[in-house]
Amino acid sequence: MDNSIDNIEKYSEVAELLKVIAHPIRLCIINGLLEKGECNVSFIQNCLDAPQSTISQHLQRLRTAGVVEGKRNGTEIYYSISNEEIASLVKALIK
């Protein structure tokens with residue numbers, strides 16, 4: 001087993017990414033985007049019955065981590081999954 005500093009840094013990056021997705025609302029957002037393809041904040045808010053500010057904060061965490069991306073369409077932003085490794089992981093976890 002190679003425990004070089006490069007591997008430890010890689011493990012740290014993976015652990016941080018797992019921390020980002022390890023929240024029930026964020027997992028639900030990811031799973032919903034996997035099922036729907038892309039959604040705006042209003043749609044996600046209605047599905048989760050949560051305040052818009054809460055959804056926006058979770059989307060910001062996911063966007064910063066590179067899990068989702070947003071594309072502007074007029075005044076709305078439509079979110080989709082941008083990290084296929086996370087998509088595969090969540091699909092495997094949530095059956």
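So here's what we get for this one:
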item: Per-residue [θ]222 nm for the chain (sum of -39500 (n - 2.57) over DSSP H runs n ≥ 4, rounded to 500); result: -20000 deg cm²/dmol
item: 3J(HN,Hα) from dihedral phi, the range 14-22, Karplus parametrisation 6.51/-1.76/1.60, rounded to Hz, x for glycine, proline; result: 5, 4, 5, 5, 5, 4, 5, 7, 7
item: Residue-normalised accessible area of the chain, expressed per residue, 1.4 Å probe, Å²; result: 66
item: Set of lysines near LYS10 by C-alpha distance (under 30 Å), chain-local residues within fewer than 8 positions excluded; result: LYS19, LYS71, LYS91, LYS95
item: In Hz, Karplus ³J(HN,Hα) per residue of the range 40-53 (6.51, -1.76, 1.60; θ = phi - 60°; x = Gly, Pro); result: 9, 4, 4, 5, 4, 4, 5, 5, 8, 6, 10, x, 4, 5
item: Interchain or long-range residues, amide H under 5 Å from ILE77's placed H; result: VAL41
item: Accessible-area composition of the chain, carbon plus sulfur, in percent [1.4 Å probe]; result: 52
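The values are calculated or read from the model by the stated rules, or taken from the named source; none is laboratory data. None of these values were measured; they are calculated from a predicted model. For accessibility, only protein heavy atoms count, side chains too; no ligands or nucleic acids. Shrake-Rupley method; radii C 1.70, N 1.55, O 1.52, S 1.80 Å.
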